[in-house]
Amino acid sequence: MHINGVEIIDAFAEAFPMTATRLIITAEDRFWALRAAESMTGFATSVIGCGCEAGIEKEIEPEHTPDNRPGIAVLIFAVSGSQLEKQVVRRVGQCVLTCPSTSVFAGMQGEKRVALGSKLRYFGDGFQISKVIDGRRFWRVPVMDGEFVCEESTARSTAVGGGNFLVLSQSLTGALKACESAMDAMQQLPNVIMPFPGGVARSGSKVGSKYKMLTASTNDAFCPTLRPVTKSLLPAGVSAALEVVIDGLTEKDVARAMRVGIQAACEAGPRWGLKAITGGNYGGKLGPFHFHLHELLR
Amino acid sequence: MIVLTLKTDVPDYNTMNLSGIVPSSLRGLSDDQLRELAILVDERPASLGDYWSVQASDAERLTLVGDLSRCVQVAGGMTAGLLMVQGSVGDDLGNGMHGGEVRVLGDCGRFVASGLRGGIIRVSGNAGEFAAAARPGASRGMNGGRLVIDGQCDRWLAARMRRGLVVVRGTVGGGCAARMIAGTVVLGGQVEQPLGFGMKRGTVLHLNGNAVDLPATLCGFTKPEYNELSFLPMLLREVDSLLVAPADPSRFVQRRVLRSLGDRAVGGMGECLWLDGKSWDSQPQDEMPPNHTCDNESFGDEADSISPS
């Protein structure tokens, strides 16, 4: 299969189950809401080393936020509900509570809950105030710029992590340009985040290592510098590979993001030397979600 | 819809207890079964049919028609559905109510919503003493849900109130929020002193700050200061959704209020808020529902057209 001259390799991307929540961060203006969201979703590229994967989903206009202020929606993914709660409380406490003028609200509703204000309220040292508004409980925690308003809890849902596609290009510049085009298109979609820097990882990994203390190590099959000494999966003429990683609330969301991203990359990539697109997998042993590129793009 | 109309040619009585006469318990009953339902009249068992004429059809709505000012515990134990009263009701409206909606096109007696746990009660007329307040001997009053009174409210509103939201559009008598434990009271008109004495927690919000007495007169409370409260637009939006007049989105950006904490005499941290009246005063008076009448339009299109007998 080819799109705009770019080969779509008959491969599949492998993803795994996660649990996720959405938070709405609002502030006096867009600047501060964005600062809090960026801070909160920092160092959240991979559950392996960061405890969670997080990113900014979208900006929200004031008329659509609970307190009529500019808002940012962030998605946080973790491997379990307890891990998710641990990360949410820690990150909101350190990055949103501390940020001037911010408030934080649940961004999804459901039965399974993740603590938020119910734990952060103790910062108020007894001066915190609870308010139930329209059936939702909020905590008002006194802080130096007034009050930090925080919803009692947020909901969590099952999610899909690790959706991906690999961009194979004649040059690093070409690979970067293709990924940038993909990201521009994918960032318009709801319910997904791309947790790595700029949405892209260059350090694709394989399971295991020659070193016993590591559970994952560099994916030598896609390292251009190792082509002569390893069983390389890079087509001839390819000198750079980058991986776009996608977490989504549903399998459908991830599939749509992959489709949109690949099409955008193929539209812009050829003039920069984009050669092929493939999917990253672990032989089907890692997760139950398999996104076959040919089926996805048919 | 089930319509129960209070008969006029019945023996005189002092009180009629209507606890349990709610939409969910009447659903699916025939006219005869409805007439056989037990009620208490002057604390003695009686049949519903002895005092009420029954007209039933399949629906979730129950309408009570007549002068129910001697009927107590109307909507008692209600959990769901809609109960409309076309006329005034007596004491203890909504006692033990956990859900659903009650609309009274008239006045209500004492202790309205005192036993409310959930759901919403709307009263188009006036309310008697101890609305949302603890009954004598009880440690707490209203413990959830919402109460909206379009008219005036007598003394001791929200005394020992524990949880929930109360909105009163008209004037309020003295003793409001006395020993209040928590919850929110929103006032649209004048309020008599004393206000908030012994208040522990909770919020009293004056919508029209310009129209009430200067907060400096509030005994036991801190000197009022201007604060910016970011939760306020959310509260104002909910309050506005409970009122009849159409919402003006510009009202929901207001965060600056005069705020006073008390009652410090008992170490209380309750808050009295005075909203700058300008934005709420801009609401045309003729859009407000009449305080003392019982017209159906006060409750919009869903109101029944049945006239009191």
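The values are calculated or read from the model by the stated rules, or taken from the named source; none is laboratory data. Computed from a predicted model, the values in this text were never measured in an experiment. Ideal geometry is used to build each Cβ from the backbone, glycine not excepted, and the neighbour counts take in all protein chains shown.
Scanning the range A:101-140 for residues that are in a strand (DSSP E or B) and among the aromatic types (F, W, Y), we see that the one that is nearest to the other protein chains (Cβ to nearest Cβ) is A:F138.
A:V88 meets the stated requirement of being modelled with pLDDT of 95 or more, away from chain B (no Cβ under 14 Å), buried (at least 16 other Cβ atoms within 10 Å of the Cβ) and outside any strand (DSSP E or B).
None of A:I25, A:I56 is hydrophobic (A, V, I, L, M, F, W, C), crowded, with 24+ Cβ neighbours inside 10 Å and part of a strand (DSSP E or B) except A:I25. With respect to A:A73, is the statement that it is at pLDDT 95 or above, in a helix (DSSP H, G or I) and out of contact with any His (no Cβ under 8 Å at 6 or more places or on another chain) true? So A:A73 does not fit the description; no.
May I ask you to list the residues in the range A:74-85 that are among the hydrophobic types (A, V, I, L, M, F, W, C) and surrounded by fewer than 22 Cβ atoms within 10 Å (Cβ to Cβ)? A:V79, the sole residue that qualifies. State whether one or more residues within the range A:159-170 are on the phi > 0 side of the Ramachandran plot and part of a loop (DSSP other than H, G, I, E, B). No - not one qualifying residue is present in the range A:159-170.
The set of residues from the range B:6-36 being among the aliphatic types (A, V, I, L, M) and surrounded by fewer than 19 Cβ atoms within 10 Å (Cβ to Cβ) comprises B:V10, B:L29. Just to be sure, is A:A15 farther than 29 Å from A:G287 by Cα and hydrophobic (A, V, I, L, M, F, W, C)? For A:A15, the condition - farther than 29 Å from A:G287 by Cα and hydrophobic (A, V, I, L, M, F, W, C) - is not met.
Residue-level check: of (1) surrounded by fewer than 22 Cβ atoms within 10 Å (Cβ to Cβ); (2) modelled with pLDDT under 95; (3) within 14 Å of another protein chain (Cβ to nearest Cβ), A:D67 misses just (1). Quick one: in the range B:213-242, of everything that is more than 14 Å from every other protein chain (Cβ to nearest Cβ) and surrounded by 18 or more Cβ atoms within 10 Å (Cβ to Cβ), which residue is modelled with the lowest pLDDT? This residue is B:P215. Please determine, by comparing only the residues of the range B:260-274 that are more than 11 Å from chain A (Cβ to nearest Cβ) and surrounded by 19 or more Cβ atoms within 10 Å (Cβ to Cβ), which one is nearest to B:A178 (Cα to Cα). Taking the candidates together, the pick is B:D263.
Tell me which residues, restricted to the range A:141-154, are more than 12 Å from chain B (Cβ to nearest Cβ) and crowded, with 18+ Cβ neighbours inside 10 Å.
Restricting attention to the range A:141-154, the residues satisfying the condition of being more than 12 Å from chain B (Cβ to nearest Cβ) are A:144, A:152-154.
Selection gives A:E152, A:S153, A:T154.
A count restricted to the range B:153-167 and to residues that are surrounded by fewer than 24 Cβ atoms within 10 Å (Cβ to Cβ), within 14 Å of another protein chain (Cβ to nearest Cβ) and either in contact with a Phe, Trp or Tyr (Cβ under 9 Å, 6 or more places away or on another chain) or not β-branched (V, I, T) (or both) stands at 2. For the range B:143-152, the count of residues that are over 14 Å from the mean Cα position of the chain (by Cα), part of a loop (DSSP other than H, G, I, E, B) and surrounded by fewer than 22 Cβ atoms within 10 Å (Cβ to Cβ) is zero. So is B:S114 surrounded by fewer than 22 Cβ atoms within 10 Å (Cβ to Cβ), of a type in the set (S, T, Y) and at pLDDT 95 or above or not? Spelling it out, it is not the case that B:S114 is surrounded by fewer than 22 Cβ atoms within 10 Å (Cβ to Cβ), of a type in the set (S, T, Y) and at pLDDT 95 or above. Listed residues B:G188, B:G170, B:G174, B:G198; which is more than 13 Å from chain A (Cβ to nearest Cβ) and touching a helix residue (DSSP H, G or I) at 6+ places or on another chain (Cβ under 7 Å)? Of the residues listed, the single one that is more than 13 Å from chain A (Cβ to nearest Cβ) and touching a helix residue (DSSP H, G or I) at 6+ places or on another chain (Cβ under 7 Å) is B:G198. Could you list, in sequence order, the residues of the range A:244-298 that are under 15 Å from A:V192 (Cβ atoms), of a type in the set (V, I, T) and touching a strand residue (DSSP E or B) at 6+ places or on another chain (Cβ under 9 Å)? The answer is A:V244, A:V245, A:I246, A:T250, A:V254, A:I262. Scanning the range A:103-130 for residues that are of a type outside the set (K, R), touching a strand residue (DSSP E or B) at 6+ places or on another chain (Cβ under 7 Å) and farther than 25 Å from B:R201 by Cβ returns A:G107, A:M108, A:Q109, A:G110, A:V114. Restricted to the range A:155-180, and to residues there that are crowded, with 24+ Cβ neighbours inside 10 Å and among the β-branched types (V, I, T), the residue that is farthest from A:F77 (Cα to Cα) is A:V167. Filtering the range A:252-278 to residues that are crowded, with 24+ Cβ neighbours inside 10 Å and in contact with a Phe, Trp or Tyr (Cβ under 9 Å, 6 or more places away or on another chain) leaves A:V254, A:M258, A:G261, A:I262, A:A265, A:I277, A:T278.
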